[in-house]
Amino acid sequence: MDESAFERMQNTKVFRFFDWVTRLIFVNFCMILLSLCGLVVFGLFPAMFAAAAYFNDVFEGKEGKALSVMFGYFKKFFWIGNLLMLIFVPAVALGLYTIYGPELNTIVCLGIYSWLILAFALLWYLPPVSVLYPEFGLKKKLAFSLVVSANRWVTTLLFLAAGLGWLYAVLLMPQLLMFLMFSVPVWFGIWRTKKALKPESFFDPLKEEPTAQ
């Protein structure tokens, strides 16, 4: 049986691309709403974990209604998300202080920058690891995230390059802040980590689907 024009359009890469852009925009707004539930300060990082878990469901082909699913994950990852916030935010603040503040001892600066590097590694790997390996305890999740960041150093550098490129794009086009800023890095993080750590279970929604004969 011949496909209808709409079915043929659905199978095109252009349609799937814009379908994913629409999904990213919707998840971005869900992340904003969840962040507000945690008064932003205590909500942004759990919302990032929730988005990572939702995208993992999408990759596995078992997604549900985005907002309700993400709210469930938001509650599940609330404490570990805020633990990441407590690690990441002071590291960034102290890193900026070493640049714009008074001159500090070299050993102190090295300690702060080491903390900053570890914090960024956790920012990229802890949400996917928490989603992909829910059976791990907290200490094992933290340790495994750092080990993977060093072992998969090419992927880590890819995260760094993508993050810097995305930040540059947002600075040039601040409208992206409202529509895509939060969701794109999370989508890229879970997609790349899932592909690197669990390739046998990875489903790529942008891959060309086989057509029925």
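The values are calculated or read from the model by the stated rules, or taken from the named source; none is laboratory data. The model shown is predicted, which means the values in this text are computed figures rather than measured ones. Ideal geometry is used to build each Cβ from the backbone, glycine not excepted, and the neighbour counts take in all protein chains shown.
Laid out as a table, the results:
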{"quantity": "Test: Val184 is outside any loop (DSSP other than H, G, I, E, B), farther than 25 Å from Met70 by Cα and in contact (Cβ under 8 Å) with a residue 12 or more places away in the chain", "calculated": "no"}
{"quantity": "Of the criteria (1) touching a helix residue (DSSP H, G or I) at 6+ places or on another chain (Cβ under 7 Å); (2) modelled with pLDDT of 95 or more, which one Lys76 fails", "calculated": "(1)"}
{"quantity": "Ala91 in a helix (DSSP H, G or I) and without any contact (Cβ under 8 Å) to a residue 40 or more places away in the chain", "calculated": "yes"}
{"quantity": "Near pairs, Cβ below 8 angstrom, 6+ apart or cross-chain, from the range 142-165 (surrounded by fewer than 19 Cβ atoms within 10 Å (Cβ to Cβ)) to any residue that is of a type in the set (Asp, Glu) and not in a helix (DSSP H, G or I)", "calculated": "none"}
{"quantity": "Condition check for Asn56: surrounded by 14 or more Cβ atoms within 10 Å (Cβ to Cβ) and touching a residue at least 60 places away in the same chain (Cβ under 8 Å)", "calculated": "yes"}
{"quantity": "Failed criterion for Leu84 (all others in (1) hydrophobic (A, V, I, L, M, F, W, C); (2) surrounded by 21 or more Cβ atoms within 10 Å (Cβ to Cβ); (3) closer than 21 Å to Leu24 by Cα; (4) out of contact with any Cys (no Cβ under 9 Å at 6 or more places or on another chain) hold)", "calculated": "(3)"}
{"quantity": "Check on Tyr113, over 23 Å from Trp191 (Cβ atoms) and hydroxyl-bearing (Ser, Thr, Tyr)", "calculated": "yes"}
